[in-house]
Amino acid sequence: MVAYVRPGGAPSRDIPLARTYNLRDLGGYAVAGGGRVRWRTVLRGAGLHRLGGDDAERVRGLGVRTAVDLRTEAEVAARGTWPAELLGGEVRRLPLIPRLWPDDEVPPGRSAEEVLAARYDEMLERGGAAIAGLFGLLAERERLPLVFFCTAGKDRTGIVAALLLEALGVARADVVADYALSAERVARMARRSGRPLPALGIAPPAVMEAFLARVDRRHGSVRGLLRELGVGDDLLATVRANLVA
């Protein structure tokens, strides 16, 4: 398995690719009660349907066994999905929302942050089965390493990553900071395309902080939310055993 290593010996969080800028490892975060999330075991990504050439070689070296596509049916039909014929692994499609939202639509009188907040709440309302399905996959050790992805790797992928890290016991400050890392990566995508950054192409820490606070108020905690979705404590303990060392 390839391990891109930074000076000092720790793997790098970003997997350097030429055609997409937001494939990241969720490893290395400290977990309450001891241990850290295992490196090169669960990754979050963006636009992985585009993988080819040298990028495919790099990603193949990660040994991914399961690729979870969070995009809509329409996106998959238009652009394809994880190229298993090049990369191996099994593709599982778990769409978080039924239709893709415009990324530049901010109604008069509302801020981009408010629109993102409403969309993140909708993801929970519509995507509960997909979220539970992903946790079920993570409980099966033979499916790891696993990557989940959407188009930009910021919103759908960001929500799932935040719920996972929080459920594992990663400090909220680290969960929020992981979400915010997408801002610079999405800006790079926009520069590469030659188009301006969409109004909703932002990842402000305050948006994720507020989202998680709403989960706490409505469900008691992220774990409480997951129980409501059918992710019981025993399954979550198995996920933790698979992902934390």
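The values are calculated or read from the model by the stated rules, or taken from the named source; none is laboratory data. Everything numeric in this text was worked out from a predicted model, so none of it was measured. Backbone-built Cβ (ideal geometry, glycine too); neighbour counts: all protein chains shown. Please note that ligands, DNA and RNA were not included when accessible areas were found on the heavy atoms of the full protein model with its side chains. Shrake-Rupley method; radii C 1.70, N 1.55, O 1.52, S 1.80 Å.
Quick rundown of the values:
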| item | result |
| --- | --- |
| Among the residues listed as Val231, Val244, the single one being modelled with pLDDT of 95 or more, more than 19 Å from Arg38 (Cβ to Cβ) and β-branched (Val, Ile, Thr) | Val231 |
| Hits in segment 84-97 (condition: modelled with pLDDT under 95 and in a loop (DSSP other than H, G, I, E, B)) | Gly88 |
| Residues of segment 223-245 that turn out to be in contact with a Phe, Trp or Tyr (Cβ under 8 Å, 6 or more places away or on another chain) and open to solvent by 80 Å² or more (accessible area, probe 1.4 Å), as a count | 0 |
| Counted residues, segment 142-166 - those being open to solvent by 10 Å² or more (accessible area, probe 1.4 Å) and touching a helix residue (DSSP H, G or I) at 6+ places or on another chain (Cβ under 9 Å) | 7 |
| Matching residues in segment 172-182 - criterion: being open to solvent by 30 Å² or more (accessible area, probe 1.4 Å), assigned to a helix (DSSP H, G or I) and in contact (Cβ under 8 Å) with a residue 24 or more places away in the chain | Arg172, Asp174, Ala177 |
| Test: Thr81 is surrounded by 15 or more Cβ atoms within 10 Å (Cβ to Cβ), among the β-branched types (Val, Ile, Thr) and modelled with pLDDT under 90 | no |
| Exclusive hit being open to solvent by 10 Å² or more (accessible area, probe 1.4 Å), over 19 Å from Trp101 (Cβ atoms) and modelled with pLDDT under 95, set Gly169, Gly220, Gly194 | Gly194 |
| Counted residues, segment 36-60 - those being outside any helix (DSSP H, G or I) and surrounded by 15 or more Cβ atoms within 10 Å (Cβ to Cβ) | 13 |
| Subset tally (residues that are open to solvent by less than 20 Å² (accessible area, probe 1.4 Å) and either under 18 Å from Thr157 (Cα atoms) or assigned to a strand (DSSP E or B) (or both)) for segment 18-31 | 8 |
| Options Ile202, Ile159, Ile131; residue that is touching a residue at least 40 places away in the same chain (Cβ under 8 Å) and outside any helix (DSSP H, G or I) | Ile202 |
| Options Arg50, Arg65, Arg71; residue that is closer than 14 Å to Gly153 by Cα and touching a residue at least 40 places away in the same chain (Cβ under 8 Å) | Arg71 |
